[in-house]
Amino acid sequence: MTDETKIDGEKSAAPDMARPLVLGRKLGMLQHFKSDGSVIGATVIAVEPNLVTQVRTPERDGYAAVQLGFGRVEERRLSKPEKGHLKGLPPLKHLREVRIDDVSGFAPGQEIAVDRFAAGDKVHVTGISKGKGFIGPVHLHHFHTGPRSHGSDHYRRQGSVGSGTTPGRILKGLRMASHQGVDRVTVKNLEILRADAERALLVIAGAVPGGRNGIVMVRKA
């Protein structure tokens, strides 16, 4: 491993990107007071330095991408294949591969940190939404409820889902009760209110997908 990519000692920074991105962990929400005294709801994201763990090149892999690692863990928490994949790098819990236009200058072991962002930047935040469990059609699709009186047992149930003879089956795509949440969601054009490189924190206006401690990807718009 060359001096540019070795982990022990001072780490090298990854090259500049047209649209910088970083992985972080959602800590929660707070009230952010602006200089004019107005208050806005904001989300705090902890962003420890991301490590480049793998580089995909068009010549070898058919596409250009970098794999980022986030979240230090004890080495015993990793399986043997994971240890082999991260050979020469610290043990990392979360790995995400992101396609970029140009991977020249990227190498395993390089860092991407909060200093790529500044207050006032617009970003897209991607995460996994909160799981809501199995939801009925009245709550999920806003169907009308049935009658309450005269012994009706269809107050919050779905009505007819199709005729019996023709087509004799339930058509695909019909709105029914189903699982809600745990979807990949991107909230676009959120404003960075504060980028604290010393404490590795980003304060972003508004809400971002997921619950506390959820992993999110912040990418400059």
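Here are some notes:
- Any chance Gly69 is outside any loop (DSSP other than H, G, I, E, B), in contact (Cβ under 8 Å) with a residue 60 or more places away in the chain and under 30 Å from Ala118 (Cβ atoms): no
Residue-by-condition table, conditions (1) over 14 Å from Asn50 (Cα atoms); (2) aliphatic (A, V, I, L, M); (3) surrounded by fewer than 18 Cβ atoms within 10 Å (Cβ to Cβ):
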| residue | (1), (2), (3) |
| --- | --- |
| Arg99 | yes, no, yes |
| Pro108 | no, no, no |
| His124 | yes, no, yes |
| Ser129 | yes, no, yes |
| Ile135 | yes, yes, yes |
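- Tabulated pairs, segment 76-89, first part of a loop (DSSP other than H, G, I, E, B), second not polar (S, T, N, Q), C-beta under 6 angstrom, 6+ apart or interchain: Leu78/Pro91; Gly88/Met1
- Residue list for segment 90-140, filter: in contact (Cβ under 8 Å) with a residue 60 or more places away in the chain and assigned to a helix (DSSP H, G or I): Val114, Asp115, Arg116
- Among the residues examined, Arg116 does not qualify as within 19 Å of Asn50 (Cβ to Cβ), loosely packed, with under 12 Cβ neighbours inside 10 Å and in the same structural domain as Ile45 (by TED's automatic domain parsing).
- Pairs where the first residue, in segment 175-186, is more than 25 Å from Arg96 (Cα to Cα) and the second is surrounded by 13 or more Cβ atoms within 10 Å (Cβ to Cβ) and of a type in the set (S, T, N, Q), C-beta under 8 Å, 6+ apart: Met176/Gln158; Ala177/Gln158
- Condition check for Thr43: hydroxyl-bearing (Ser, Thr, Tyr), buried (at least 16 other Cβ atoms within 10 Å of the Cβ) and either modelled with pLDDT of 95 or more or assigned to a loop (DSSP other than H, G, I, E, B) (or both): yes
- Pairs meeting the criteria (first residue in segment 16-42 and aliphatic (A, V, I, L, M), second residue in a loop (DSSP other than H, G, I, E, B), beta carbons under 7 Å, at least 6 apart or on different chains) are Met17/Ile100; Ala18/Asp101; Val22/Val47; Leu27/Arg212; Met29/Ala207; Ile40/Lys34.
The values are calculated or read from the model by the stated rules, or taken from the named source; none is laboratory data. The structure presented is a predicted model; accordingly, all values stated were derived computationally and were not measured. Glycine gets a Cβ as well: all are built from the backbone with ideal geometry, and neighbour counts include every protein chain shown.
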